[in-house]
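The values are calculated or read from the model by the stated rules, or taken from the named source; none is laboratory data. None of these values were measured; they are calculated from a predicted model. No Cβ is skipped: glycine too gets one built from the backbone with ideal geometry, and neighbour counts run over all protein chains shown.
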Amino acid sequence: MTDKLIIFDTTLRDGEQSPGASMTRDEKLRIARQLERLKVDVIEAGFAASSNGDFDCVKSIASVIKDSTVCSLARANDRDIARAAEALAPAANGRLHLFLATSALHMEKKLRMTPEQVFEQAKLSVRFARNLMGDIEFSPEDGYRSDMDFLCRVLEAVIAEGASTINVPDTVGYAVPELYGNFIKTLRERIPNSDKAIWSVHCHNDLGMAVANSLAGVKIGGARQVECTINGLGERAGNCSLEEIVMAVKTRKDYFNLDLGIDTRQIVPASRMVSQTTGFVVQPNKAVVGANAFAHASGIHQDGVLKARDTYEIMRAEDVGWSANKIVLGKLSGRNAFKQRLQDLGVEMQSEADINAAFARFKELADRKSEIFDEDILALVSEESVVNDNEQYAFVSLKQHSETGERPFASVVFTVAGKEVLGESDGNGPVDASLKAIESHAKSGAEMVLYSVNAISGSTESQGEVTVRLQNSGRVVNGVGSDPDIVVASAKAYLSALNKLQSKSDRVAAQG
Ligand code: KIV
Ligand code: ZN
C-alpha cells in the first residue's frame, strides 16, 4: 500500500520573496504554466492582498491553470481573505492559505497579541474563509518554535472550523530532522481531529536542512504535503528544494513508499526557467539540476558508467529532463522548425505575433552564432517576454571602444517609452562604460548590488547571460540579459532591471 505525497510549489510566493527575485506578471504566468506541465499538485501563485500587482498575478494564473490547484496566501483577517478569494474566483480548483503566528516571540513582539486573541482570530478567520471556499489551508507561522500545548489547541480549533490542510512552518530554519519529524508526529497524535486534515511541512534552509527536515516530517511525522520551491529559491538561504524532495522520494521509493504525480522530465526545464527569469544562477554542484549533477569527470567513474550506468548513477539524467546538449537549430532553420522546438521545450507562446517576434530574434541570433542550443532558445524567449511588454526601456544598439592603456568609452542607443535616446560615458571597463552610458540618460539613481556573467552553454562561443541586481528606495530587482557579446548582454540586463524597478509597486511583505 502506498499513498500520495502532495507537492505544493511556492516559487511564485515564498520564492519570490527572495530579494531581487520579484517577477512580472508575464514571467509568473510562464512559470505557472511550466509548474502545471511539471504536474505539481498546488501552485501558490502569490499573496493577493499584498499589492494590486500580486492580486492581478494570482487572478491571471487562476484563470489559465486548469490541472493544478491555484492557491493564494492571506493573513488571517477578513480583508485579506476576501481579496484572495476574489483573485481565486476564476480558478478551476482554488485554495485559500491563511497564516497567523503562534510562537510566543512572534505573538508578543510582532503581532502584539495575547495567545487568547490569536486563538480566537485563527478560529474566526478559518470560519470566514470556509464560507468563501472549500479548500482551506492554515499555517501557524513560526509553528516549530511554538508551545506544543498552545499549538495543539489552535490547530484542533481550525480543523474543527474546516481547515483541510495544516501546514507546520519552520519559518526561521531552526529545526533538525529528527526533532521536526517528531514534532509533526506529536501534533498528529495529540490533536483529536488530526485525521480530518492533511499534514504539510514547510521548511526554510537557514541551516541547510530544509530538505532533510521536510523528509523527516514525511517519514517520521506522517506529513503528506511538502511545500517547496524550484531551485530552493526563497528568502535568506531559501526554501526546501522541489527537485531534491521529488527525486529523493522517487529514487528511494523503497524507503518512503509514496507516490508522486510529478512529471520529473519537466524538472530541468523548470529549473532553467526560474533561474533565467530571476537571475539566480544554479550552482554547478547543485543536486539534480546543477550543470555537474550528472557529469563524471574522473576516469574511473567514466569507465564505470560506460560499462554499467548504475555503478555511479542513481538517477538517469533524461528522467529529470537533461537532454544531450545538442545543436538544435541554425541559420537555415525555418519558422516551423523553430515553433516545433519551442513546443518540445515546453514553451507556449500566446499568439502567432509572439512566435514571429521570437523567430525574428532567433534569426538575428543565428546570424551571429552558428550553433543554437536549447539554452539559447530558452534565454531568447525569456527575453522576449520582457521585450513584448511594451516596457519603458528597450535596447537598440551599442558601440564601445577599449584598448590596453586607454580608458574605455561606450555609446548606447536605447528607447525610452518608444523614443530613441543616446547615452555616452567612459568607465573602468567596457561594461562599466556601457552601464554608465545608460545611466547618464536614465538617471535612475539605483545602486548596483550584484553583477554576474554566466556562459549559457559552456564555451566561449556561447551567449553570455548577465544578471544585474539594482536597489532603489528599498526595492531590489534583478534584470537578466543574454547576447553573444557580454557587453551587450550587460546593457540588456541593466535595462531589464530598470524596467522592473519602474513597474514594481510596493507591497506588504509576507512572512518567512
Ligand atoms: O515560512 C513561513 O512561515 C511561511 C508562511 C507564511 C507559510 O512562509
Ligand atoms: Zn516560508
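Residues of region 221-245 being of a type in the set (K, R) and touching a Leu at 6+ places or on another chain (Cβ under 7 Å), which ones?
Of everything in region 221-245, just one residue is of a type in the set (K, R) and touching a Leu at 6+ places or on another chain (Cβ under 7 Å), namely R224.
Please find, among S51, S60, S139, the residue that is free of Cβ contacts under 8 Å to residues at least 40 places away in the same chain, closer than 19 Å to R13 by Cα, in the same structural domain as E227 (by TED's automatic domain parsing) and of a type outside the set (V, I, T).
S60
Residues N231, N213: which one is touching a Cys at 6+ places or on another chain (Cβ under 6 Å) and assigned to a helix (DSSP H, G or I)?
N213
Going by what's in this entry, would F294 be described as in a loop (DSSP other than H, G, I, E, B) and within 15 Å of the chain's Cα centre (by Cα)?
The answer is no for F294.
With respect to the numbered conditions (1) assigned to a loop (DSSP other than H, G, I, E, B); (2) modelled with pLDDT of 95 or more, which one is the sole condition not fulfilled by T460?
Every condition holds for T460 apart from (2).
Which strands (runs of 3 or more DSSP E) does region 61-145 wholly contain that include 3 or more residues that are within 16 Å of ligand 1 (Cβ to nearest atom) and over 17 Å from A160 (Cβ atoms)?
Those strands (runs of 3 or more DSSP E) span 69-75, 94-101.
Restricting to region 194-222, count the residues that are crowded, with 24+ Cβ neighbours inside 10 Å, within 15 Å of ligand 2 (Cβ to nearest atom) and either without any contact (Cβ under 8 Å) to a residue 60 or more places away in the chain or of a type in the set (D, E, K, R) (or both).
So the answer is 6.
If F414 meets every condition in (1) over 27 Å from the mean Cα position of the chain (by Cα); (2) closer than 30 Å to Q283 by Cα; (3) surrounded by 21 or more Cβ atoms within 10 Å (Cβ to Cβ) apart from one, which number is that one?
Here F414 meets the rest and fails (2).
Rundown of residues vs (1) outside any helix (DSSP H, G or I); (2) crowded, with 24+ Cβ neighbours inside 10 Å, yes/no style:
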| position | (1), (2) |
| --- | --- |
| F8 | yes, yes |
| T11 | yes, yes |
| D26 | no, no |
| R30 | no, no |
| R33 | no, no |
| E36 | no, no |
| K39 | yes, no |
| I43 | yes, yes |
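Could you grab me the full set of residues in region 301-315 that are assigned to a loop (DSSP other than H, G, I, E, B) and either at pLDDT below 75 or surrounded by 13 or more Cβ atoms within 10 Å (Cβ to Cβ) (or both)?
Answer for region 301-315, where residues must be assigned to a loop (DSSP other than H, G, I, E, B) and either at pLDDT below 75 or surrounded by 13 or more Cβ atoms within 10 Å (Cβ to Cβ) (or both): Y312, E313, M315.
Residue-wise test of (1) surrounded by 14 or more Cβ atoms within 10 Å (Cβ to Cβ); (2) among the aromatic types (F, W, Y).
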{"residue": "G238", "(1), (2)": "yes, no"}
{"residue": "A248", "(1), (2)": "yes, no"}
{"residue": "Y255", "(1), (2)": "no, yes"}
{"residue": "F280", "(1), (2)": "yes, yes"}
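Hey, among the residues in region 162-193 that are in contact with a strand residue (DSSP E or B) (Cβ under 8 Å, 6 or more places away or on another chain) and in a helix (DSSP H, G or I), which one's farthest from ligand 2 (Cβ to nearest atom)?
R188
Test V282 against the criterion of being within 18 Å of the chain's Cα centre (by Cα), more than 16 Å from ligand 2 (Cβ to nearest atom) and modelled with pLDDT of 95 or more, and give yes or no.
Answer is no for this residue.
Given the criteria buried (at least 24 other Cβ atoms within 10 Å of the Cβ) and under 21 Å from A45 (Cα atoms), does V268 qualify?
no
Condition check: assigned by TED's automatic domain parsing to the domain that holds E235 and within 14 Å of ligand 1 (Cβ to nearest atom). Does S164 satisfy that?
no
Residues are listed down the side, and each one gets a yes or a no for (1) among the small types (G, A, S); (2) within 16 Å of ligand 2 (Cβ to nearest atom); (3) surrounded by fewer than 24 Cβ atoms within 10 Å (Cβ to Cβ):
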{"position": "A48", "(1), (2), (3)": "yes, no, no"}
{"position": "I65", "(1), (2), (3)": "no, no, yes"}
{"position": "S68", "(1), (2), (3)": "yes, no, no"}
{"position": "A87", "(1), (2), (3)": "yes, no, no"}
{"position": "G94", "(1), (2), (3)": "yes, no, yes"}
{"position": "A104", "(1), (2), (3)": "yes, no, yes"}
{"position": "E108", "(1), (2), (3)": "no, no, yes"}
{"position": "E116", "(1), (2), (3)": "no, no, yes"}
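Does region 361-369 contain any residue that is exposed (fewer than 15 other Cβ atoms within 10 Å of the Cβ), touching a residue at least 60 places away in the same chain (Cβ under 8 Å) and not assigned by TED's automatic domain parsing to the domain that holds Q266?
Yes.
Which of the residues belonging to region 122-143 are polar (S, T, N, Q) and either crowded, with 20+ Cβ neighbours inside 10 Å or touching a helix residue (DSSP H, G or I) at 6+ places or on another chain (Cβ under 9 Å) (or both)?
Correct list: S125, S139.
Looking at (1) within 14 Å of ligand 1 (Cβ to nearest atom); (2) farther than 16 Å from K4 by Cβ, can you tell me which one V226 breaks?
Of everything listed in (1) within 14 Å of ligand 1 (Cβ to nearest atom); (2) farther than 16 Å from K4 by Cβ, V226 misses just condition (2).
Check off (1) within 16 Å of ligand 1 (Cβ to nearest atom); (2) under 10 Å from the mean Cα position of the chain (by Cα) for P19 and give me the number that stays unchecked.
(2)
Determine the pairs where a residue that is among the charged types (D, E, K, R), located within region 277-293, has a partner that is at pLDDT below 90 and in a loop (DSSP other than H, G, I, E, B) with Cβ atoms under 7 Å apart, the partner being 6 or more residues away or on another chain.
Once the first residue is among the charged types (D, E, K, R) and sits in region 277-293, its partners that are at pLDDT below 90 and in a loop (DSSP other than H, G, I, E, B) give K286/A293.
Name the residues in region 443-469 that are over 25 Å from P284 (Cα atoms) and crowded, with 21+ Cβ neighbours inside 10 Å, would you?
Across region 443-469, the qualifying residue is only A446.
Looking at L155, L100 in this structure, which one is farther than 23 Å from V211 by Cα, within 16 Å of ligand 2 (Cβ to nearest atom) and crowded, with 22+ Cβ neighbours inside 10 Å?
One residue alone meets the criteria, L100.
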